[in-house]
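Q: Have a look at the structure that comes next, please.
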Amino acid sequence: MKYQLKSLLFDLDGVVFNTEPQYSVFWGGVCRQYHPEDPGLEHRIKGQTLVQIFDAHFAGLEEAQRDIVQRLNAFEAQMSYDYIPGFRELIEDAHRHGVTTALVTSSNQCKMDSVCRAHPEMHQLFDIVLTSEDFDESKPSPDCYLKAAARLGASNDECIVFEDSFNGLKSGMSADMTVVGLATTNPKNLIAEYCHFVVDDFQAVDYLACCDFLQKRLSKQL
């Protein structure tokens, strides 16, 4: 049976842009300041929204939350937003074959404004952009990817999700979509159990490779 690829859904940090090392530095400083008793916390919060981080680790610390928001907004406004190798080529190839694309990120609109200032072409690369303000439940809930697919008029078996974080990978899997994990943030052996396929970056991924991902994954379900 031949399956149709209709939409590619992308996370932002660690998938479109190589920003995760920068966030590790930022959150490393924040966590050492406010939670020195919990080393490595900056790595465990990857893929979570700011609201999730605050609820879990800064509840009731209003002054600390205000400080972090102010510092984070300033940090994101001057970050380097370098594309993951092969990303632009994949997007262009997908569009040539009539495949729609979506950006599905736990980042907020303020962050996206900073991204678009650095890359004004963002809204040309994606048919739709969903930020944390656009969905009710954050990753690892499937809500964000289900809403993106609905907006694009695609069913779950017509979509491929590209993610790097554990919460993001779980979100795509819970949406019952084909999930490709990028080993840009976490090692291959750790993310392999949370996705169908693992790649280093997009340099070996094009439209035909995506069709192959979809075909292999869905054929196994028969």
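Q: Heavy-atom accessible area per residue, the range 56-141, 1.4 Å probe: how many Å²?
A: 50 Å²
Q: I've got another one for you. Would you calculate, for the chain, the mean residue ellipticity at 222 nm contributed by helices, counting each DSSP H stretch of 4 or more residues as -39,500 (n - 2.57) and dividing by all residues, to the nearest 500?
A: -13500 deg cm²/dmol
Q: Right, here's the next one. How would the range 141-222 be classified by its alpha-carbon gyration tensor: rounded, prolate or oblate, with rounded meaning a/c under 1.5 and the a/b versus b/c comparison settling the rest?
A: oblate
Q: So what are the ³J(HN,Hα) numbers for the range 4-16, from phi and the Karplus equation (6.51, -1.76, 1.60; θ = phi - 60°), rounded to whole Hz, Gly and Pro as x?
A: 3J(HN,Hα) across the range 4-16, in whole Hz: 9, 8, 10, 9, 10, 10, 10, 6, 9, 6, x, 10, 7.
Q: Okay, next question. Step through the residues of the range 131-136 one at a time and calculate ³J(HN,Hα) from phi using the Karplus curve (6.51 cos²θ - 1.76 cosθ + 1.60, θ = phi - 60°), rounding each to whole Hz and writing x for Gly and Pro.
A: Per-residue couplings from phi come out as 10, 4, 6, 9, 9, 7 Hz.
Q: Choose one answer from Q22, Q48, Q70: the residue with the largest mean-square fluctuation in a GNM of the chain with alpha-carbon springs under 10 Å.
A: Highest fluctuation of the listed residues: Q70.
Q: Something else: Could you look at the chain and say what percent of its accessible area is carbon and sulfur, using a 1.4 Å probe and all protein chains?
A: Ligands and nucleic acids excluded, carbon and sulfur reach 50 percent.
Q: Need the C-alpha centroid separation for the range 135-199 versus the range 91-124, integer Å.
A: The range 135-199 and the range 91-124 have Cα centres spaced 17 Å from each other.
Q: Could you pull out the pairs from K2/K139; K46/K188; K2/K46 whose alpha carbons sit more than 25 Å apart here?
A: Those over the limit are K2/K139; K2/K46.
The values are calculated or read from the model by the stated rules, or taken from the named source; none is laboratory data. Please read all numbers here as calculations on a predicted model, not as lab measurements. Just the protein is used for accessible areas: all its heavy atoms, side chains included, with ligands, DNA and RNA removed. Shrake-Rupley method; radii C 1.70, N 1.55, O 1.52, S 1.80 Å.
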